[in-house]
Amino acid sequence: MNDDSAFFGNAHIEKRDDTCFRELIHSSQGGWTELYRVDKSGKFRVLKALKPQFRGQPMYELLLRKEFEIGYNLQHPGISEVYGYGPIPDLGNCIELEWVDGTTMSNLILSGHLSSGLSRRIALQLCDILSYLHSKQVIHRDLKPSNIMVTHNGRNVKLIDFGLSDTDSFSILKSPAGTLSFAAPELVNGKSVDARADIYSLGKILALMNGRFAFIAKKCSKNNPDDRYPNAESVKDSIKRIPLLRLIPVLVVALAVFAAWSLTRTAVQNSPVQEPEQSVVSNQQNLNTDTTISDPSVIDELFRQATDMINTGNR
């Protein structure tokens, strides 16, 4: 048996000129940037450039440079990696970014492919990413489904687009920003913001994902920042506790069975003495009743249901 490894077909190297092989993959509606996919030394990369009408304008050039400097210092598997910054022929200054082979969370929602298990996975990973961001004093400020990529291979989250992000080290471009339907009130109103602005946006995202997150989403999205979760780690803890809440119906059934069993025993103990000829039948009925109510198989079934619920919640 031949088990040597080999290419299935003729292997070849296709030489491409980075400045020639260029594919426009996104142009932000109402925004100032556009994205191109390029092939660089056999690897796909993304170039983020200003739209032609904004190139050379100081404010937009500063925005692009600010995004690069914030992103370049972030190193996390859940954040699209930033490789470099500089001029590209016909595009002007560009940020070179990691190419993410996946789809946006928006597409998953619209296509109906956002399952309960995947929703939980995305939510927990988002919390980890935000915890890292906020530990670096970075606020994303534009957290929304279209800025959340989910990879085809592995179903892992990649947070993208830091064009509106901010950090304490910058003294410029502090204007109100974000997407209105996901932005915290204090962000829209131009007030001072902190990491809880991202928590608000996270709540709006959780509300779109799965009904199981309803209570958590509502607390995240309180208008008053003091009423929200204080940080992403607290949100993650609440999400991880959700399977325990699903045990409540099982516990109610168990209590009802126990109550019925207790009442039956009490009724038997307090019942009047029967005539001799009836006592054997009556005792047999009571014995059958006790055996049915306290049958260990009933308790086993309740524990089986509880285990199934926990396993389902963890998928």
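The values are calculated or read from the model by the stated rules, or taken from the named source; none is laboratory data. Note that the coordinates shown come from a computational prediction; the quantities given were computed from them, not determined experimentally. So basically every Cβ, Gly included, is an ideal-geometry build from the backbone, and we count neighbours across all protein chains shown.
If the condition is being under 15 Å from ALA184 (Cα atoms) and charged (D, E, K, R), then the range 199-233 contributes LYS204, LYS218, LYS219, LYS222, ASP226, ASP227, ARG228.
Residues that are buried (at least 22 other Cβ atoms within 10 Å of the Cβ) and in contact with a strand residue (DSSP E or B) (Cβ under 7 Å, 6 or more places away or on another chain) number at least 1 in the following helices (runs of 4 or more DSSP H) confined to the range 159-228: 196-209. Select from the range 31-45 the residues that are part of a strand (DSSP E or B), within 23 Å of LYS66 (Cβ to Cβ) and among the aromatic types (Phe, Trp, Tyr) and list them in ascending order. Across the range 31-45, the qualifying residue is only TYR36. All of SER106, SER111, SER80 fail the test of being touching a residue at least 12 places away in the same chain (Cβ under 8 Å), of a type in the set (Ser, Thr, Tyr) and under 25 Å from ILE242 (Cβ atoms), apart from SER106.
Residue-by-condition table, conditions (1) over 18 Å from LYS158 (Cβ atoms); (2) aliphatic (A, V, I, L, M):
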site	(1), (2)
ARG65	yes, no
PHE68	no, no
TYR72	no, no
ILE79	no, yes
TYR83	no, no
LEU91	yes, yes
HIS113	no, no
SER119	no, no
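All of (1) more than 27 Å from the chain's Cα centre (by Cα); (2) modelled with pLDDT under 95 hold for ARG55 with one exception: (2).
On the basis of being in contact (Cβ under 8 Å) with a residue 40 or more places away in the chain and touching a strand residue (DSSP E or B) at 6+ places or on another chain (Cβ under 8 Å), does GLY86 make the cut?
On the way: in contact (Cβ under 8 Å) with a residue 40 or more places away in the chain: no; touching a strand residue (DSSP E or B) at 6+ places or on another chain (Cβ under 8 Å): yes.
Taking the combined requirement at face value, the residue does not satisfy it.
GLY86 fulfils the conditions (1) more than 17 Å from GLU23 (Cα to Cα); (2) out of contact with any Cys (no Cβ under 8 Å at 6 or more places or on another chain); (3) not assigned by TED's automatic domain parsing to the domain that holds LEU164 except for a single criterion, (2).
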